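This report refers to the structure that appears directly beneath it.
The values are calculated or read from the model by the stated rules, or taken from the named source; none is laboratory data. Note that the coordinates shown come from a computational prediction; the quantities given were computed from them, not determined experimentally. As a convention, Cβ positions derive from the backbone with ideal geometry for all residues, glycine included, and neighbour counts pool all protein chains shown. Only protein heavy atoms, including side chains, enter the accessible area calculation; ligands, DNA and RNA are left aside. Shrake-Rupley method; radii C 1.70, N 1.55, O 1.52, S 1.80 Å.
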Amino acid sequence: MLDLKQIRTDSAAVQAKLNLRSGSYDLQPILDLDEQQRNLETERSQLQARSNEIGKLVGQAMKSGGDPKGPEVAALKAEGNEVKQKLSELEPREKEIKAQINDLLLRLPNLPSDSTPEGENEAANVEVSRWGDEYKRSNPDGGDKLLPHWEIGEKLGIFNFERSTKIAQSRFVTLLGAGAALERALISFMLDRQIAAGYSEVIPPYLVNSASLTATGQLPKFAEDGMDGFRCADDDLWLTPTAEVPLVNLYRDDIIDIDQLPIAHCAHTPCFRREAGSYGRDTRGLIRLHQFNKVELVKLVSPETSEAEHETLVRNAEEILEALKLPYRKVELCTGDLGFGAAKCYDLEVWLPAAETYREISSCSNCYDFQARRGNIRCKVPGTKGTQFVHTLNGSGLAVGRTMAAVLENYQQANGSVKIPEVLQPYMGGKEMI
């Protein structure tokens, strides 16, 4: 959530930042309501002061021997009742306007950071670096034809889409035998690496309430835009779209001593998304499923260290790809391609040789105080007055299904088998090939 005070005092600068994002956002309705709210507050203060003054005058009149039923006291009491009536009428009006302001604020995205490159869409994203040689790895063992991962998996019998459709619907997969083992190996490997990097593992609830989704920015706007979420019809609960949601909300409404920061968590969860707006894209394979596993990284940090902590988080995700020896590139998203809650974001894109393209496998965002303001997560510096909002960071470390797709394609052999990356072999009982 954006700071209402900042909108009030520097609306032109805030509007200019919003104009850099995709979509259309107008601050004027918020400014108009805010003016109404402040006028009501002024009126209420004046009425309250008059009410207090009337109470004192009545008390003084009674102490000086005035007639309790005399015209002077009666007039004061009548005015006092009239003031109280006006005050009672102001309260619901103020409450309604505050709710309208809050609702409008919840629909505004985060402001891009000053260092985020400007651009209208993903075409303006900036490639920062590449690692690995996609050309060399795109033709393993001199094979004449590279298969996409879904063909590799189906030939090896390690996953099945057709039977998954019978169980659920399209865009689900059932992993079998070595496929299930490889998925489990990837999850364990990712968690072990991130724990060694200093993250504390969490197994959170896989169902989250609307307040949690509001705090991290998925609600209310995404619900109106065809949110990529599955809701339990009889409860105020949603299947979690990412572990970012429960991990951040562990600290909702908390005041954290700054000495406890940074707080760094990692979690493996299944994630559930409708993939609204993506139909017709990636209809085959593991790239765009309704249910997929992901190891998520989340940090709560002080504002002074958030940029450095963001770079470290990105590096933690990169190290997984490098350990797996999967070629990838790092891309900084432009202002028009930022996610709703992000002020700055790097995407890591892994090389898929069958398609000869890079595909996103991790999105690492610095949200600054945007989520913390929505979730009321603050920190306290000992010896100082008041509190400040923490900064929140999140990133995939990594999306497991997409990692499996990259492993299958990059490690496929000319005879149809797949070599297991060396770092995963201990997690698969020493097995070297599928």
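Remarks
- Pairing residues of segment 229-248 that are over 12 Å from SER212 (Cβ atoms) with residues that are acidic (Asp, Glu) and surrounded by 23 or more Cβ atoms within 10 Å (Cβ to Cβ), at Cβ distances under 9 Å and at least 6 apart in sequence or on separate chains, gives no pairs at all.
- Positions within segment 28-55 being closer than 30 Å to PRO112 by Cα and in contact (Cβ under 8 Å) with a residue 40 or more places away in the chain, in sequence order: PRO29, ILE30, LEU33, ASP34, GLN36, GLN37
- Within segment 419-431, residues that are farther than 13 Å from MET190 by Cα and touching a residue at least 12 places away in the same chain (Cβ under 8 Å) have Cβ atoms under 6 Å from residues that are among the acidic types (Asp, Glu) and surrounded by fewer than 16 Cβ atoms within 10 Å (Cβ to Cβ) in these pairs: ILE420/GLU432, counting only partners at least 6 apart in sequence or on another chain.
- The single residue among ARG374, ARG402 that is within 29 Å of ASN102 (Cβ to Cβ) and outside any loop (DSSP other than H, G, I, E, B) turns out to be ARG374.
- Enumeration of residues in segment 338-373 that are among the basic types (Lys, Arg) and open to solvent by 30 Å² or more (accessible area, probe 1.4 Å): ARG359, ARG373
- Once segment 388-434 is narrowed to residues that are surrounded by fewer than 15 Cβ atoms within 10 Å (Cβ to Cβ) and not hydrophobic (A, V, I, L, M, F, W, C), the residue that is farthest from TYR251 (Cα to Cα) is ASN415.
- Residue in segment 365-385 that is free of Cβ contacts under 8 Å to residues at least 60 places away in the same chain, of a type in the set (S, T, N, Q) and within 28 Å of LEU106 (Cα to Cα) present: yes
- Scanning segment 314-330 for residues that are under 23 Å from GLU118 (Cα atoms) and either touching a Cys at 6+ places or on another chain (Cβ under 8 Å) or open to solvent by less than 10 Å² (accessible area, probe 1.4 Å) (or both) yields a single hit, VAL314.
- Every residue from segment 1-26 that is in contact with a Gly (Cβ under 9 Å, 6 or more places away or on another chain) and farther than 26 Å from SER212 by Cβ: LEU20
- Long-range neighbours under 9 Å by Cβ, at least six apart or interchain, first residue touching a residue at least 24 places away in the same chain (Cβ under 8 Å) and assigned to a loop (DSSP other than H, G, I, E, B) within segment 322-345, second of a type in the set (Val, Ile, Thr) and open to solvent by 20 Å² or more (accessible area, probe 1.4 Å): LEU324/VAL423; LYS325/VAL423; LEU333/VAL126; CYS334/VAL126
- Residues satisfying the stated conditions in segment 173-203, i.e. surrounded by 20 or more Cβ atoms within 10 Å (Cβ to Cβ) and not in a helix (DSSP H, G or I): VAL173, LEU175, TYR199
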